[in-house]
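Below is one structure, written out as structure tokens, with a few remarks after it.
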Amino acid sequence: MSTAHRRVVVTGVGIVSPVGNDVPTFWSSLLSGRSGISLISDFPTDKLRSDVAASVRGFEAARFFSPKETEIYGKVTQFSLGAAVEAMRGAGFESLYRPPKRGGAAKDDDDGDDDSGGTESDPHRAVRLATGCLMSTGQGAVDVFEREIEKARVRGPRAVSPFFVPSVMPNSAAALVAMRFGLMGPSYSVASACATGTHSIAMGALLIESGEAECMVVGGAEAATQPNTVAGFGNTRALARAVDGDPTKASRPFDRRRAGFVMGEGAGVLVLESESHARARGATPLAYVAGFGMSTDATNLTKPLVDGRGLRMAIERAIARARLSPGDIDYVNPHATSTPQGDVAEYRALSAVFGERLRTLPMSATKSMLGHMLGGAGAAESIATVCTLRDQVIHPSINVDDIDPIFENIDLVREKRAAQIRYALKLSAGFGGHNCALIFERAQ
Amino acid sequence: MANRDLLEMFKTVAARVDKREFPNVTKQSVITELGIDSLSMMQIVGEMESELGIMIPDEDLVELVTVGDLCAKVEKRL
């Protein structure tokens, strides 16, 4: 890890979330401590172990999709494109956008698709060839899965849509974003459950550092609040319910009454770019990706290592890769799912790395308002972290009414706070024992 | 089912699948000129098979040129 890396900058961010479908609304909601969690109303919950979710409201699919495409693509892919469009516009890549001519998803050769991308006559050839997409999901298009399986059960296999497979393949969003923007660099998806979005950012940065790409559209998305998924997560006893009848109190990381996470949905997208590429085209960096670290607990499918040493390793690797020491970190955006075990394991990892400094190291849990966007969580929370660095202000953790004594020595930010932050640490840990840590640096 | 009814069924199913109307489609309409991509065409076939409780063999599908061809293949299986 001693080799000098090409520097990676963030030049665009885009979001679809339970607290806003664009970054200004999202960030303003977080700063004001507004929860996006409500009672589930799309299906009965009386036999489920959770009654709350953080759902996306007011997403206008018609802005991005034809009516037919809206039926083909699951919500997870729709959210991904919506967030990608905002991120690409912010990065100054709006002119790459190619709307579908007739709105189909899988076109034949002679039906009018724009297939001129990357040819000698394409004015955007250079950037198209140097840009890829790493857009990922943890669960995939669960809504489409449930719909088509039900269709097969009731009407037989001939009624199953030919679009079923391309719709539910986990790389569907990466393919769609690449098609819409004509991105011909490396594109695929990764999956690491709740660390998916974070790993996507790390892998995108790695591709740029290594010279495989100049720009990467990276992020994560999820839209898995469906009856079977809530049942499955609920039966692992990982989900919370409304507290005192109030759904907005259900997600309460580090509080004594935390009882599990809240299913969330949405998408977060970041445009990453080599610093030299961004500077050459006059783009303004929002932040640097200073480092990343990855590790695996390799112990249990759902339980984190109780001493947090897997996550600790990811943090230490990120700090080393960024050529920093723990004392350089000024803010932590933790994974903080609000599960009894997860929060403790994360605390132990942080304690092992930062020791007594935890007392003065500000930290705030974005999931207290967003719920857990699963495969989208790391990306959405990374955007919150980028906004923190940009504005030098920390959003609050809400619902910390009675902090668990275990965490008494952490500086948990409970009201919006101005701060001087150069380096911010973002953590994620997923089912399967997958850990990922990112370090973002304030843009200069 | 009469071939004319099958034509109406095609128009109804195609509208549902492709989210647009096909008012001027006749039995002579060439499928590739309707702007329906190949996967959507298979979706239309599957919907008709499912609704009518029939199965059209793959070899019959490669010969389809017009909407009338499809209607004839469907009628043969009724």
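The values are calculated or read from the model by the stated rules, or taken from the named source; none is laboratory data. Only a predicted model underlies this, so the values are computations on that prediction, with no experimental measurement involved. With ideal geometry, Cβ positions are generated from the backbone for all residues, glycine too; neighbour counts draw on all protein chains shown. In case anyone asks, the SASA skips ligands and DNA or RNA and just uses the protein heavy atoms, side chains included. Shrake-Rupley method; radii C 1.70, N 1.55, O 1.52, S 1.80 Å.
Report, by residue number, each residue of region A:111-155 that is closer than 30 Å to A:GLN226 by Cα, in a helix (DSSP H, G or I) and away from chain B (no Cβ under 14 Å).
A:VAL142, A:ASP143, A:PHE145, A:GLU146, A:ILE149
Quick check on my filter: what residues within region B:50-65 are in a helix (DSSP H, G or I) and crowded, with 18+ Cβ neighbours inside 10 Å?
B:SER50
Where the second residue is part of a helix (DSSP H, G or I) and modelled with pLDDT of 95 or more and the first is among the charged types (D, E, K, R) and lies in region B:33-59, which pairs have Cβ atoms under 6 Å and are six or more apart or on separate chains?
Going by the 6 Å Cβ cut-off, the qualifying pairs are B:GLU47/B:VAL13; B:GLU49/A:ARG158.
Looking only at region A:395-444, count every residue that is under 25 Å from A:ARG237 (Cα atoms), in contact with a Lys or Arg (Cβ under 6 Å, 6 or more places away or on another chain) and surrounded by fewer than 24 Cβ atoms within 10 Å (Cβ to Cβ) and tell me the total.
Residues that pass the stated criteria total 3.
Please pick out the residue among A:ALA320, A:ALA287, A:ALA314, A:ALA280 that is without any contact (Cβ under 8 Å) to a residue 12 or more places away in the chain and either under 30 Å from A:ALA224 (Cβ atoms) or surrounded by fewer than 16 Cβ atoms within 10 Å (Cβ to Cβ) (or both).
A:ALA280
Anything in region A:108-143 that is at pLDDT below 95 and open to solvent by less than 40 Å² (accessible area, probe 1.4 Å)? List them, or say none.
A:ASP111, A:GLY112, A:GLY117, A:GLY118, A:ASP122
Exactly one condition in (1) more than 17 Å from A:PHE79 (Cβ to Cβ); (2) touching a strand residue (DSSP E or B) at 6+ places or on another chain (Cβ under 8 Å); (3) buried (at least 19 other Cβ atoms within 10 Å of the Cβ) is false for A:TYR188; which is it?
(3)
(1) in a helix (DSSP H, G or I); (2) of a type in the set (Asp, Glu); (3) more than 10 Å from chain A (Cβ to nearest Cβ): which one isn't true of B:GLU47, the others all being true?
(3)
Restricting to region A:344-394, name every residue that is charged (D, E, K, R) and crowded, with 24+ Cβ neighbours inside 10 Å.
A:GLU346, A:LYS367, A:GLU381 - these are the residues of region A:344-394 that are charged (D, E, K, R) and crowded, with 24+ Cβ neighbours inside 10 Å.
Can you run down the residue pairs with Cβ atoms below 6 Å, 6 or more apart or on separate chains, where the first is in region A:240-251 and β-branched (Val, Ile, Thr) and the partner is surrounded by 18 or more Cβ atoms within 10 Å (Cβ to Cβ)?
Going by the 6 Å Cβ cut-off, the qualifying pairs are A:VAL243/A:LYS249; A:VAL243/A:ALA250; A:THR248/A:SER35; A:THR248/A:ILE37.
Give the residues of region A:229-274 that are open to solvent by less than 10 Å² (accessible area, probe 1.4 Å) and on the phi > 0 side of the Ramachandran plot, sorted by residue number.
A:PHE254, A:GLY260, A:GLY266
Output the residues belonging to region A:46-79 that are in contact with a Leu (Cβ under 8 Å, 6 or more places away or on another chain) and either assigned to a loop (DSSP other than H, G, I, E, B) or within 14 Å of chain B (Cβ to nearest Cβ) (or both).
The answer is A:ARG49, A:SER50, A:ASP51, A:PHE64, A:PHE65, A:TYR73.
Of (1) open to solvent by 40 Å² or more (accessible area, probe 1.4 Å); (2) part of a helix (DSSP H, G or I), A:ALA84 satisfies all except one. Which?
(1)
Residues that are under 22 Å from A:VAL154 (Cα atoms) and not in a helix (DSSP H, G or I): does region B:7-27 have at least one?
no
Could you please find all residues in region B:53-76 being more than 10 Å from the chain's Cα centre (by Cα) and of a type outside the set (A, V, I, L, M, F, W, C)?
Passing the criteria: B:GLY53, B:PRO57, B:ASP58, B:GLU59, B:ASP60, B:GLU63, B:GLU75, B:LYS76.
Which residue out of B:LYS19, B:LYS27 is surrounded by 14 or more Cβ atoms within 10 Å (Cβ to Cβ), more than 14 Å from chain A (Cβ to nearest Cβ) and charged (D, E, K, R)?
B:LYS27
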